[in-house]
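*Asks:* What follows is a single structure, and I will ask about it in a moment.
Read-outs: derived from the displayed coordinates by stated rules, not from any lab. What you see is a predicted model, and the numbers here were worked out from it, not measured in a lab. In this analysis, Cβ positions are derived from the backbone assuming ideal geometry, glycine residues included, and neighbour counts consider all displayed protein chains.
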Amino acid sequence: MMRTLLLQTGFELKLIAKLRLTLLLPPAAGLWMLFQCADIGLPASMDVNLYAADAHATLMTFLTALPMFLGVLLIRRDALNPSYEWSLTLPVTNRVMIAAKWIAGMLYSSAFTVCILAVYVGVAVHHKLSWRSIWSEIAHYAPLYETSFAAGVAVGIVIGALFPMRFALPVAFCGWIFGSIFVPVYLIEVFNWHQMRLFSLNHLIGDLGASASEAWAYRLSGLEYPLTYVFAGTVTVLLLATACALLARTRPVLRPFAPIALMGVALIAAAAVFVPYADVWQQRYAQWQQLMPNVPAAERIHLHERYAFKVESIDVRLARAENDSLTARAEFVLPTREGRLLPAHEELEAVTDRIEGRVTFLLYPKLKVSGLTVDGEPVAWTQEQDRISFDHAALDPTASSHRVVWEYAAVSPLNEWAQDASGQYHLLFAQGRSSFLPAYLGWYPLPGGDSLMYRQGEQIVPRADVTNGLRADFRLRLEGFDGRLVSTLPPAEDDAPGARSFAGANAVLPTVAGGSFTTVKVADEPAFMLTTPGNVEEARIFLENLRERRAFYEQWTGTRLDRIRQIVYFPFIGTFDRSYGLTSVFPIGDTLFIGELRHSNLDAYRMEQTLSFLLFGDTVYSSSRVNEWDDQNRNMLSTYSIVQEIRRMIALYIPMKEHVIAQEGDVYMLSPIGEKMKQMVDTAYKEGKADVVKRVLTRFWNEGLAIEDRSSTRSASPLATEAADPYHYPRITWEQWLQAWYEEKGR
């Protein structure tokens with residue numbers, strides 16, 4: 001039987017080879033991958049895997065049609081063609097015939113997988129991508145292609161067995177539209193019917209969430225993909241058995257019930273696989289529905305500042321077990337005055353109780369408190385929604401500080417899936433080598449604040465501003481967290497693999513992430529970059545440019561610029577994007593996060609924002625109009641702040657005059673005063689008095705040019721309108737500029 005199967009398969013392959021045009025299609029698919037990935041470079045992203053992901057999505061959308069049409073052709077061309085009645089006398093059983101046609105179709109379809117991935121490997125090696133990253137991409141995409149092709153060929157054979165050729169091809173076309181476009185784009189992405197992903201022929205378009213980022217690389221899906229592969233195999237067997245039963249109408253067999261029995265077995269097997277797959281999604285939906293009641297509605301939230309209280313020090317120990325359960329201990333030292341908490345924000349005189357008469361912290365609802373001590377004594381606590389609290393009476397009014405220790409745990413894995421109108425995303429997770437623990441979602445208790453999230457319809461929105469203004473001496477110890485970890489706190493002296501330790505004095509509350517990150521360093525540049533493997537070359541170029549710009553400014557100002565310790569650059573999709581946006585640049589302590597897209601990468605704009613943080617302490621573009629010039633207002637000379645004009649001089653115009661960066665057209669200024677300032681600078685450079693210009697600008701720089709963007713982490717919050725002025729900036733008038741100019745010029 002095996003020899004017959006091999007001979008019949010060879011015969012089917014010869015018939016496919018006679019369709020000479022089809023032999024050109026696999027290399028053509030490889031060329032498409034080459035065109036998408038070969039000619040990449042600045043100013044667009046240099047991440048090969050990012051371009052390859054888009055190319056894979058496009059290729060799979062269209063390539064799934066070919067196996068289906070091929071399956072129709074294979075069955076209609078001879079087995080069910082009246083001109084081939086002589087084949088009835090061949091010593092080939094229906095099972096062998098159907099199996100041979102499917103194997104031949106799969107071998108041809110696999111040529112697409114081979115050509116596409118071979119070209120990807122060549123391009124990735126050319127762009128110096130690590131082999132670990134390359135094999136990871138191949139291990140993910142190859143099974144997806146093969147399972148889609150396997151099911152596609154089988155569907156085509158069944159359609160061909162059911163209908164004449166004139167109907168079979170249109171039906172196959174409709175099947176391709178349904179499986180490759182309608183299911184992933186409409187049923188999954190639009191209607192959020194994620195269980196239907198199992199019936200999709202295209203798993204590379206639609207709502208992918210954080211799985212689309214190489215940092216997490218589909219590791220968050222758990223059993224979803226293995227079950228998908230098994231289900232595709234059982235459905236393929238079911239379809240082939242169906243084809244055998246249909247073929248028996250034309251080519252009678254000795255045991256006609258055998259294929260029907262096999263259909264029954266395959267159907268039961270497919271149902272057995274579908275049950276745990278549906279359970280995976282049911283658990284996600286149930287988790288999301290359980291979270292919803294613990295999140296206040298948008299109209300019931302308030303600003304955080306009045307509830308936040310000061311903390312001297314925080315010591316957090318977090319341990320992850322093999323089953324991804326978490327246990328934690330968080331120790332706080334709270335300063336008090338006459339038993340009352342001190343406000344975290346200096347402009348406030350007192351802390352408002354979030355719950356009357358109680359000291360309230362914020363903790364993610366899935367984390368359950370198991371114990372509380374205050375100054376070493378056990379104290380009763382309450383946990384409701386995202387608030388944990390204890391009675392004010394537990395604080396001794398004669399003491400100036402108190403030691404509060406919370407013990408809490410997550411019994412089940414912390415993998416918090418959610419969905420909204422934009423698709424699925426993860427609030428936070430700590431699963432295997434992958435972790436995403438943003439400070440604003442309270443994976444350790446946060447002192448005060450209103451709420452961690454708010455609910456707008458069926459959408460849960462994290463409140464990234466909950467940690468604004470909160471600082472403390474922080475020590476963080478993580479056990480059982482494998483892989484590369486990104487922490488916004490610097491490593492402590494006792495940091496070691498398997499027992500990570502981080503610490504910082506007067507530190508911003510930390511965020512931690514773990515995944516497929518690579519460290520990129522260049523000589524003589526103190527800052528390093530943590531990024532995904534596909535971004536290594538672009539990160540190196542960016543750091544080299546940053547080194548040159550840093551050296552220029554340090555020589556100019558005579559000051560060491562060390563505000564940035566590390567830069568973290570990766571796609572924010574499905575994680576940070578719900579709080580900061582896909583393309584945001586934002587700092588947490590001495591860590592600068594930069595979101596990546598194909599055309600939002602480490603370009604000149606990101607360099608400007610990086611330098612803005614390095615020089616001024618914020619990421620506001622120098623072209624942003626923080627205050628508007630009004631030609632009709634006669635008092636503008638005395639009221640308009642030229643802070644952005646000065647920043648623009650420092651960040652762009654002077655480096656161009658000094659040939660540190662290339663001249664790319666004239667630098668426009670934001671007001672008529674800015675144009676006058678530029679003329680004064682041009683004249684001074686022509687007169688050989690560049691040092692005067694630099695002394696004037698350094699004078700204002702020393703006084704402070706930081707701009708606070710009050711709406712940057714509140715852009716999606718209904719409380720954004722409470723900030724009447726979205727920017728807070730120093731008032732620097734034209735008169736102050738002239739005074740500084742003539743004083744420095746007269747020296």
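*Asks:* Given R₀ = 51 Å, what would the calculated FRET efficiency be for Thr698 paired with Glu299, taking r from the Cβ atoms and rounding to 0.05? Write out the running numbers ahead of the final one.
*Replies:* Working: r = 49 Å, r/R0 = 0.95.
My answer for the efficiency is 0.55.
*Asks:* Mind putting together the pair-distance distribution for the range 2-284? All Cα pairs, 10 Å bins, whole percent per bin, short to long.
*Replies:* 6, 27, 33, 22, 10, 2, 0
*Asks:* Please tell me the relative contact order of the chain in percent, rounded to the nearest whole number, where contacts are Cα pairs under 8 Å and at least six residues apart. Let's see the in-between values first.
*Replies:* Values: 1291 pairs, mean separation 79.2, N = 747.
Here the relative contact order equals 11 percent.
*Asks:* Still on this structure, please answer the following. Taking the Cα centre of the range 295-515 as origin and charging only Cβ (+1 Lys, Arg; -1 Asp, Glu), how large is the dipole, in debye to the nearest 20? Don't skip to the answer; put the middle values down first.
*Replies:* Details: 22 positive and 31 negative charges, 74 e Å.
It works out to roughly 360 debye.
*Asks:* Between Ala496 and Glu312, 0.36 nm times their residue separation minus their Cα-Cα distance comes to what? Write out the running numbers ahead of the final one.
*Replies:* Values: separation 184, 0.36 × 184 = 66.24 nm, distance 2.60 nm.
Contour length minus the Cα-Cα distance gives 63.6 nm.
*Asks:* Output the relative contact order of the range 295-515, whole-number percent, from Cα pairs under 8 angstrom with separation of 6+ residues. Spell out each step's value before the answer.
*Replies:* Details: 548 pairs, mean separation 55.5, N = 221.
25 percent.
*Asks:* Ok, one more. Need the list of lysines near Lys101 for cross-linking: C-alpha distance under 26 angstrom, and skip anything on the same chain fewer than eight residues off.
*Replies:* Candidates past the 8-residue exclusion: Lys14, Lys18.
*Asks:* At a threshold of 8 angstrom on Cα-Cα distance, excluding pairs fewer than six apart, so keeping six or more, what relative contact order does the range 517-617 reach in percent?
*Replies:* Values: 139 pairs, mean separation 23.4, N = 101.
Worked out over the range 517-617, it gives 23 percent.
*Asks:* Then there is this: To the nearest 20 debye, what charge dipole does the range 517-617 have about its Cα centre, counting +1 at the Cβ of each Lys and Arg and -1 at the Cβ of each Asp and Glu? Intermediate results must be reported in sequence, preceding the final value.
*Replies:* Values: 11 positive and 13 negative charges, 35 e Å.
Dipole size: approximately 160 debye.
*Asks:* Nearest 500 deg cm²/dmol is fine: what mean residue ellipticity at 222 nm does the chain get from its DSSP H runs of n ≥ 4 alone, each adding -39,500 (n - 2.57), divided by its residue count? If you can, show how the numbers build up before the last one.
*Replies:* Working: 19 runs with 290 residues, N = 747.
Theoretical 222 nm ellipticity from helices: -13000 deg cm²/dmol.
*Asks:* Next up: What is the sum of charges, Lys and Arg at +1 and Asp and Glu at -1, for the other residues whose Cβ falls under 11 Å from the Cβ of Arg648? Please report the intermediate quantities before stating the final value.
*Replies:* Working: positive: Arg647, Lys678; negative: Glu608, Glu645.
So the environment of Arg648 carries a net charge of 0.
*Asks:* What FRET efficiency do you get for Arg337 and Tyr186 if R0 is 35 Å and r is their Cβ-Cβ distance, rounded to the nearest 0.05?
*Replies:* Details: r = 60 Å, r/R0 = 1.72.
So, using R0 = 35 Å, E works out to roughly 0.05.
*Asks:* Can you bin every Cα-Cα distance in the range 517-617 into 10 Å intervals starting at zero and give me the percent of pairs per bin, rounded to whole numbers?
*Replies:* 15, 52, 27, 5, 0
*Asks:* Here's a follow-up. Over 18 Å, how big is the tail of the calculated P(r) for the range 295-340, in percent of all Cα pairs? All intermediate terms of the calculation are to be shown ahead of the outcome.
*Replies:* Details: 624 of 1035 pairs.
Beyond 18 Å sits 60 percent of the P(r) for the range 295-340.
*Asks:* Considering the range 254-365, what Rg and Dmax in Å follow from its alpha-carbon atoms?
*Replies:* 26.8, 95
*Asks:* What does the charge add up to near Val280, with Lys and Arg as +1, Asp and Glu as -1, over the other residues with Cβ less than 13 Å from its Cβ?
*Replies:* Numbers: positive: Arg197, Arg284; negative: Glu224, Asp279.
Within the 13 Å Cβ shell, the charges total 0.
*Asks:* I would also like to ask the following. Could you name the lysines whose alpha carbon sits less than 24 Å from that of Lys694, not counting residues in the same chain fewer than 8 places away?
*Replies:* Result set, ordered by chain and number: Lys657, Lys676, Lys678, Lys686, Lys745.
*Asks:* Once the convex hull of the alpha carbons of the range 295-515 is built, what does its volume come to per residue, in cubic angstrom? If you can, show how the numbers build up before the last one.
*Replies:* Working: hull volume 26.9 nm³, N = 221.
Looking at the range 295-515, the number lands at 122 Å³ per residue.
*Asks:* What's the extension gain from Arg598 to Trp193 if we count 0.36 nm per residue and subtract their Cα-Cα distance? List each step's numbers first, then the result.
*Replies:* Details: separation 405, 0.36 × 405 = 145.80 nm, distance 2.82 nm.
Using 0.36 nm per residue and subtracting the Cα-Cα distance, I get 143.0 nm.
*Asks:* If I model a spin label at Ala421 and Leu15 as a point 7 Å from the Cα along the Cα→Cβ vector, what separation in nanometres do I get?
*Replies:* For the pair Ala421/Leu15, the computed spacing is 5.3 nm.
*Asks:* I would also like to ask the following. What length, rounded to one decimal in nm, is gained on full extension from Glu347 through to Ala28, with 0.36 nm per residue of separation minus their alpha-carbon distance?
*Replies:* Roughly 108.3 nm would be gained on extension.
*Asks:* Taking Lys521 as the anchor, which lysines have their alpha carbon closer than 27 Å to its alpha carbon, excluding any fewer than eight residues away along the same chain?
*Replies:* Lys128
*Asks:* Ok, one more. Extending each Cα 7 Å along its Cβ direction at Asp562 and Val125, get the distance between those two points in nm, one decimal.
*Replies:* 4.4
*Asks:* Set the Förster radius R0 to 30 Å, insert the Cβ-Cβ distance between Gln385 and Arg433 as r into 1/(1 + (r/R0)^6), and round the FRET efficiency to 0.05.
*Replies:* 0.45
*Asks:* Arranged by the count of other C-beta atoms within 10 angstrom, fewest first, what order do Phe613, Phe11 take?
*Replies:* Working: Phe613 20, Phe11 15.
Ordered by Cβ neighbours within 10 Å, fewest first: Phe11, Phe613.
*Asks:* Have a look at Gln383, Ser579, Val311 and report the one farthest towards the positive end of the charge dipole of the chain, computed about the Cα centre with Cβ charges (Lys/Arg +1, Asp/Glu -1).
*Replies:* Result: Ser579.
*Asks:* May I ask you to sort Ile157, Ile661 by Cβ crowding, counting other Cβ atoms within 10 Å and putting the fewest first? Don't skip to the answer; put the middle values down first.
*Replies:* Values: Ile157 31, Ile661 17.
Ascending number of Cβ neighbours within 10 Å: Ile661, Ile157.
*Asks:* With the Cα gyration tensor of the range 188-333 in hand, convert its eigenvalues to equivalent ellipsoid semi-axes via √(5λ) and list them largest first in whole Å. Spell out each step's value before the answer.
*Replies:* Working: eigenvalues 506, 65, 37 Å².
Result for the range 188-333: semi-axes of 50, 18, 14 Å.
*Asks:* Between Ala271 and Asp396, how many nm apart are label points set 7 Å from Cα along the C-beta direction?
*Replies:* Those two pseudo-labels are separated by 6.8 nm.
*Asks:* Take each complete run of DSSP H in the chain, measure how far its Cα atoms stretch along the helix's own axis, and keep only those covering 27 Å or more with mean Kyte-Doolittle hydropathy at least -0.5; list them. If you can, show how the numbers build up before the last one.
*Replies:* Working: long enough: 94-126 (48 Å, 1.35); 131-162 (46 Å, 0.84); 224-247 (34 Å, 1.54); 257-291 (51 Å, 0.78); 536-557 (31 Å, -0.90).
Span-like helices, by this rule, are 94-126, 131-162, 224-247, 257-291.
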